[in-house]
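Taken together, the values in this text are just the output of simple stated rules run on the coordinates, not laboratory data. Computed from a predicted model, the values in this text were never measured in an experiment. Positions of Cβ are generated from backbone atoms using ideal geometry, with glycine treated the same way; all protein chains shown enter the neighbour counts.
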Amino acid sequence: MLLFGNVLMLSAANTGTWWALQPLKRPAIPQEASKFTGWASNPIDRFIAVKYLQHGFAPSLPAGRVSLIRRASYDLTGLPPSPREVDAFVNNDSPVAYANLIERLLGSPHYGERWARHWMDVVHYAETHGHDEDAIRENAWPYRDYLIESFNSDKPYAQFVREQVAGDVLFPDQPSSVRAIGMLATGPWDESSQMGISDGTIDKKIAQYLDRDDMIATVMSTFVSTTVHCARCHDHKFDPVSTEDYYSLQAVFSGVDKVDRPFDSNGQTAKLRRRLLEVKAQLDRGELPHPLPDYSLSAHREEQLRLGQGGWVVLYGAKVQSTDGVTFEAKPDGSFLAQGQAPERDTATFTAALPMDGVTAVQLDVLADESLPKDGPGRAPNGNLHLSEIVVKVSGRPVKISQAKADFNQASWVVENAIDGDPKTAWGIHPEESKPHRAMFVFNKPLTALKGETMEIELRQLHGGSHLIGRPRLSVTNVAKPALIEILPPAVGQALAIEPTKRTNEQIKVLALYFSREANAKEVAALGERPKVYAVASDFSALGNFKPAGKPRDVHVLQRGSVHSPGEKAVPGALGCVDALKSRFAITRSDGEGQRRAALANWLADERNVLTWRSIVNRVWHYHFGRGLVGTPNDFGRMGDRPSHPELLDWLAFEFRAGGGSLKWLHYTIMTSSVYQQNSAHNAEYTRRDSENRWLWRVNRTRLDAESYRDSLLQLAGNADLKMGGPSARHFNMSKGVHVTPNLDYDLFDPDSPANFRRSVYRFVFRTVPDPLMQLMDCPDASQHAPKRESSVTALQALAMLNNRFLVRQSERLAKRLRYESSSLSTQVRELFELAYHRDPEPEEGRLVLALAREHGLANACRVILNSSEFIFLN
Amino acid sequence: MDCGISRRQFLQAAGGGFGGLALGQILGTGSALGSTLNHVPKAKRVIQLFMNGGVSQMDTFDHKPELAALDGQKFDPGDGRLVESVTNSPGFKVLKSPFAFRRHGECGRWVSEVLPHMATVVDDLAFLMSMNSPTNVHGLGSYMQTTGFTLPGFPCMGAWISYALGRINQNLPEFIVLPDPKGLPYNNLGNFTSGFLPARHQGTVINASNSRPVRYLFPPDEAKHINAASEVASREVLGFLNRKHANQMPGDSRLEARIQSLEMAARMQLSVPDLFDMKGESQAVRKLYGMDEDNTKDFAKRCILGRRMLERGVRFVQIWSGAGGPSKNWDNHANIHTELPYMTGQVDKPITGLIKDLKARGMLEDTLVIWTTEFGRMPFSQGQAGRDHNGGTFVTWFAGGGVKGGTTYGQSDEWAWKSETGTTSHDMHSIILHLLGVDHEKLTVRHNGIDRRLTDVHGHIIRDILA
């Protein structure tokens, strides 16, 4: 039962190649049928007419002008036309008025917003992780802006595909295309497994495989309408996708994880940064820089360093006492290494004779050591430490510390906490564990005590959980303005201590590398802070147990999808069923993951990848007609629908590809067809024969989707803030939750907050606590790919539309606008009909609405109209 | 089943949003199974009590005297078997249960002293003594138990049941969730999602402690222009406009559905306040559930509300104990001795009261009660006295319609570390669907190329515990 996938499906001899995989040829445009003379002016209509004749249908009459402009405006911009625009269009007799309308709407920046939102459904975009620890992704939105810009600029589709899979690799000189690979990270991410669980454990491996599964499903469902994720456990039962194909795709993404990724805002900076990073990589490999650093400069730096180091004297031979039984081993470098089992808390007191007069500051090094958890420098399981307070006493009297500085501060665990007198706050170094750190504490005035007097330094570490310092070292200085000097690697310190002329070649190399690294880091820093996008990367700073892959991780073909039964190692590739293309990629670099993604991007965007071209034209058709020529836009396999008009699908795909992949061309071509311009009137006989309107004998009446409804209200009430782009608008109050996920309150959010006035595409989408109003209006669960939306009608939805605070407030604001524009109630009511329905009231309804407005206020009349079916449905 | 298939096609059409559908299918009064069930149901409705965080099995129902002998020794299952825990914190020493166990009822079920009330109804309970989960992570485990998948975005059991059976009342939602007032569980609303099923099947969250427990039921307080008279007048005009539009656009059943949905909304405005009006509950009932004791009153209130919902034809009620996060729930990492009784003390009496009350009212016969959690806990220590997550084995019990009280199925190993029989979430779901008259293998929806089921490709109905 599991094996028929590959063999059977690909032996085309008996059954013929599956429709979606057949070579893409340009079908001849059918002759115009005499029956529909004058109707089928556009090639699309010729294909449609053939099916009419075959199945015994005829087109509906053309839609009225008002219906047409409403339909086109919502389709392309998600916004209603203004009464003025409707008037101008209705009264324009020009034969090109409609074509001009479509062109105008395609030129609107709101077009990109509308179609980006569709795309966001397909790729399950949201701005939180989902799962149990549903944390916010502060930098998801640049991907959304990338989408809007790409649609608006009518980016060639092949490029749009390539950018979203490997923009960072393929277009390094357009750094903003890094935003595009946000697509790979749109899906959920399991923070508690990824950050909480150690590498190598079963639960962690499962989390990594499943995370890549989400990337694969997103890419393959979106671009090639193929349900490869079925092959995770066994060969696809219905489609020619083998388990090996699936794990080849896993291997493509095996070097990346979902994470915030910085990018440069222009190509020049990117180029410079790339060069500097190449130098850094070279230095990290221990290769001497070429040319060697300018000796005159480094000599100056050497002097600086020597002075700095020289200013501090380590308190060798101090006595140390612990309140909780910690014993220390004194090390030759003057540090003390903690031994034995770590207690929960401890205060360690160091006692030493002052090595100089007039001490001005004390310095604490917390050093790494391989005997400590994660190499320390702390003794907590993650290598962190918490210094609650440092107390310095001379001859038993406390010394006032006025300033604290550290080379690194954990977020909200800053070094100042160690001198604030509050034992509950402390200095910490997470996530910069596994390396040494240094803190300096400056006295408010130099000590009057002289050399030889006794100094006590207490390190209070009261946080618990063994957040203790594993290997402390203390030093003091009496320079007037002590500076925090970096901790030198031992080899550098040794080399520096030797006269320049007496250094060995090895020592010269050590210093050359050190100074070059320093210069390199300085140049990188000078390029400034970079914006970030939540995307994927192979290299980033570790967050707890979430560590960068660096290079591709090993991926195995898992038997029945179980990590307990790994089979052969998987090699990067895609699907074997697209005949014209190689299914396994030629990979020349074993260490870099970028080449793998680039190969997949090129495989997807290839002219010969017939799935890609059929997929996108069908998706666009789906959004124009409410149903694709293939009814399952994400599944062109045997479990999906067959195309209703295969020749039309192929004609569109062929012409779209031949024309360079212009989506605007596609919209224009579809929308100027006669089939698109029909009305949506009922036909009892046709409905009986074709209730799904598969043969397109009319246009489907659609309910406004959640975003269009919300945006229309803003537009009508005159509130819409049409600013584009930027961080998302949060329509909720947020407070700290019991754990990672914050508490969200949509109900108490101020309905007058400016955040509400942004278009809905800029709405912050919280995965596990979605907006209840939008959810009731069928916004999809953002944890799933949503190639189609529901259009439900429920009592809870009716209640939400009537009573949601924001919506009620919009009806009040609409009333205010109407009162502002006219002082007569009957004019206000007529204007209300004009705005919402684009027509005048008929006598009886006009009378009823006017009576309601008179007796209960105009806002109640507005609320009724905004809840009425005529406003909510498009003909 | 043919009617199931045709229903699916209808729903696919509904996804496109066309007219021409039968009204019942738009409003959800119809069901995926049409008028015929796969077989005669034993239960008509379900109330599920979900203990969020992972209830310790060996401190409640899974008595393991062997642990006492090994107490304090490093945990070693032998044969070089790998012992892992998710937090990987120090510990790993066998930790015996600090609670005394005694046999109860005619069936002689072992119950620990932390559940003195439940111990009195064990003859009504049927135990899955050893379920197991593929994960040791809360979020994934909760998804597994609520949706049958560890990944987010799949429809939960309540949504499947609503989808399969349709509504049996005209005034209230068919699937209601009562979360802990302290907060939502792990995965927040993800556990109640309709996933790729139509949105109307998602769980309606009712915040029992909130002054407005059902969102959007009434106009906002600040809207001073809306009052009883304006509501009546507005509804009339809205009805007129919608009727007129529907007449002008014949053949589109969604327009008729909107008219009816507004009428149902109006009925809901009457029925919800009635649901929350507890004045009719007798003193004896309040006492039975523990409504008057500080420790139990919250869970008691939600159990009584749950019963009132079932009485009014709500199909599926889910009550949660414990919010997400690291404490004040069943996730007893630090000290099992103090943390577990804190939780059992809140739910033991109310849940027992619910069973007794349903029985007294004759409702237990066709109501299915399920007590469960997302996974169990380790037989060895985390730190000094806590227990880490354990997907290896945990306990679930059933009571009521179609269930054979006093029975058990399955067992864990000698330490309650891993299951020996391996009952899965899919098995549990298949039993529940079976008792509701639904064949879990036939309840499918096609999504992205796969005919999805609540039970994926698994699920065995365990008849040992069925009447």
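By the count of other C-beta atoms within 10 Å, a proxy for reagent exposure, A:774, A:183 are ordered fewest to most as A:774, A:183. The mean of 1/r over all distinct Cα pairs in segment A:532-606, once inverted, gives the Kirkwood hydrodynamic radius of 14.6 Å. Only helices enter the 222 nm calculation for the protein assembly as shown: every DSSP H run of n ≥ 4 contributes -39,500 (n - 2.57), and dividing by all residues gives -11000 deg cm²/dmol, rounded to 500. If you model segment A:114-259 as an ellipsoid using its alpha carbon gyration tensor, with each semi-axis the square root of five times an eigenvalue, the axes come out at 25, 20, 14 Å, biggest first.
Is the C-alpha gyration tensor of segment A:390-439 telling us rounded, prolate or oblate? Criteria: a/c under 1.5 is rounded; beyond that, a/b larger than b/c is prolate, otherwise oblate. It is prolate, given that a/c is not under 1.5 and a/b is the larger ratio. Charges were assigned to the Cβ only: +1 to each Lys and Arg, -1 to each Asp and Glu. The resulting dipole of segment A:312-478 about its Cα centre is roughly 340 debye.
Averaging the Cα positions of each part gives two centres, and for segment A:385-408 and segment A:591-609 these lie 56 Å apart. For segment A:606-735, the dipole from Cβ point charges (+1 on Lys and Arg, -1 on Asp and Glu) about the Cα centre works out to 200 debye, to the nearest 20.
With the alpha-carbon atoms of segment A:805-874 aligned to their principal axes, the span from lowest to highest coordinate is 30, 28, 20 Å, starting with the largest. The alpha carbon centroids of segment A:853-875 and segment A:655-721 are separated by 24 Å. Put simply, segment A:691-797 fits an ellipsoid with semi-axes of 28, 19, 13 Å; these come from the alpha carbon gyration tensor as the roots of five times its eigenvalues, largest first.
Positive-end ranking of B:455, B:61, B:75 along the dipole of the protein assembly as shown, with charges on Cβ about the Cα centre, is headed by B:455. Within segment A:711-751, the proportion of C-alpha pairs whose separation exceeds 13 Å stands at 67%.
When the Cα convex hull of segment B:360-432 is projected onto planes of every orientation, the mean area is 6.2 nm². Here residue A:204 is the anchor, and the lysines within straight C-alpha reach of less than 23 Å, apart from those fewer than 8 places off in the same chain, are A:258, A:374, A:547, A:551, A:569, B:418.
Rg/Rh for segment A:312-478 stands at 0.94; both radii use Cα atoms, and Rh follows the Kirkwood definition. Each Cα pair under 8 Å and six or more residues apart adds its separation to the average, and for chain B the resulting relative contact order is 30 percent. Note: relative contact order over chain A, using C-alpha pairs below 8 Å and six or more positions apart, is 19 percent. Of the DSSP H helices in chain B, those with a Cα length along their own long axis of 20 Å or more and a mean Kyte-Doolittle hydropathy reaching 0.0 comprise B:253-276. Between residue A:576 and A:242, the built amide H atoms are under 5 Å apart, and every one of these is 5 or more places off in sequence or on another chain. What's the whole-number percent of alpha carbon pairs in chain A lying beyond 56 angstrom? Result: 27 percent of Cα pairs exceed 56 Å.
Using alpha carbons only, the radius of gyration of chain B set against its Kirkwood radius gives Rg/Rh = 1.00. Simple point charges give the picture: +1 on the Cβ of Lys and Arg, -1 on the Cβ of Asp and Glu, and for the protein assembly as shown a dipole about the Cα centre of about 1860 debye. Toward the positive end of the charge dipole of chain A, with +1 on the Cβ of Lys and Arg and -1 on the Cβ of Asp and Glu, the farthest Cα among A:550, A:731, A:716 is that of A:716. Once you reduce segment B:409-467 and segment A:186-214 to the center of their Cα atoms, the two points are 25 Å from each other. Residues whose amide H falls under 5 Å from that of residue A:556, counting only those 5 or more places apart or on a different chain, are A:570, with hydrogens built in the peptide plane. Looking at segment A:792-875, the trypsin sites (Lys or Arg not before Pro) that sit in a DSSP loop and have at most 16 other Cβ atoms within 10 Å of their own Cβ are A:839. Annotation for segment A:519-589: GluC sites (Glu not before Pro) lying in DSSP loop with at most 11 further Cβ atoms inside 10 Å of their Cβ are A:529. Based on C-alpha pairs under 8 angstrom that are at least 6 apart in sequence, segment A:805-874 has a relative contact order of 37 percent. For segment A:177-262, the calculated P(r), taken from all Cα-Cα distances in 5 Å bins from zero up to the bin holding the longest distance, is 3, 14, 23, 24, 18, 12, 6, 1, 0 percent.
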